[in-house]
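The values are calculated or read from the model by the stated rules, or taken from the named source; none is laboratory data. Being a predicted model, the structure only gives us computed values, none of them experimental. All Cβ positions, glycine included, derive from the backbone under ideal geometry; neighbour counts span all protein chains shown. These accessible areas exclude ligands, DNA and RNA; they are computed on the full protein's heavy atoms, side chains included. Shrake-Rupley method; radii C 1.70, N 1.55, O 1.52, S 1.80 Å.
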Amino acid sequence: MKQFNQWLGLALLSIFTLISCSKEESGSDSGKLALSAKSTTTATSSSKQGTTSKSVAEGIEITDFVINLVEFELEIDVEEMEMEDDINDDWDDDGYFDFEDEIELEGPFTLDLMAGQISFLNVTVPNGRYEELEFKINKNKDVNSEIFDKSVLIKGTVNDVPFVFWHDFMDEIEIDFEDPTVDFLISNNTESLVIDFNLSLLFNSVNGIDLSGAMDGNNDGIIEISPRDEDGNNDLAQAIRNKMKDIIDLLDD
């Protein structure tokens, strides 16, 4: 993972530079958006191998969580900005100020969310009120990546038995603050937002996905959970994929 993290840092630095240059706005009509991501769990411990792991539910430890994010969009709060007469020429692309006037930020961003809170986007955007962040989870296309041809990879143990979950889905995610009336405001300032992936909500036996029934069908000592595994956990993989949308929150840092 150390080599992967070094590669990730260099790749993100290059992406930051390209995006910042392509999105640069001049004068006092713009501010900065700083975006980061993290995984949240109930407790942190050390695994038997000496690497950091996170306890997310009874008998479940997570050691790896890598996800591939692409095509970010910031959606403006049209009604609020019109009421405040806070309209900026940088927004208008068709002669009308409407919901189609959005800020698009390219990816991909392959994030190792077990490495702590990852800052991966710091760009200049026009001043305004934004009500929603939209992005896609999609397959990684880098043949040198740990998750090549996958969109998400999670590793850990279930009652001390190793498991690997991966999927190659493409999903569009729309996230807002818990209070839908709250916007984030860019006004010649830097606004810091965090995308929070709550693994404790993903893996639990009450409202999440219960892994206690996951099978090692081929008896190779590893529980494999994917759309194409040989252990008989394909339906479980689909259930995890469906649940992932529900465990993502937007936080004001």
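Points to keep in mind about this one:
- Of all the criteria given as (1) out of contact with any strand residue (DSSP E or B) (no Cβ under 8 Å at 6 or more places or on another chain); (2) part of a loop (DSSP other than H, G, I, E, B); (3) surrounded by 13 or more Cβ atoms within 10 Å (Cβ to Cβ), the one not satisfied by Ser205 is (1).
- Residue in region 151-173 that is within 19 Å of Leu105 (Cβ to Cβ), under 14 Å from the mean Cα position of the chain (by Cα) and loosely packed, with under 14 Cβ neighbours inside 10 Å present: yes
- Screening region 222-235 for residues that are assigned to a loop (DSSP other than H, G, I, E, B) and open to solvent by less than 40 Å² (accessible area, probe 1.4 Å) and picking the one that is farthest from Asp171 (Cα to Cα) gives Asp231.
- Single match in Thr44, Thr17 (criterion: at pLDDT below 65, open to solvent by 60 Å² or more (accessible area, probe 1.4 Å) and in a helix (DSSP H, G or I)): Thr17
- Among residues of region 219-245 that are over 17 Å from Ser205 (Cβ atoms) and in contact (Cβ under 8 Å) with a residue 24 or more places away in the chain, those with a Cβ under 7 angstrom from a residue that is open to solvent by less than 10 Å² (accessible area, probe 1.4 Å) and hydroxyl-bearing (Ser, Thr, Tyr), sequence gap 6+ or separate chain, pair up as Ala237/Ser226.
- Residues in region 236-253 that are within 24 Å of Asp160 (Cβ to Cβ) and open to solvent by 20 Å² or more (accessible area, probe 1.4 Å): Leu236, Ala239, Lys243.
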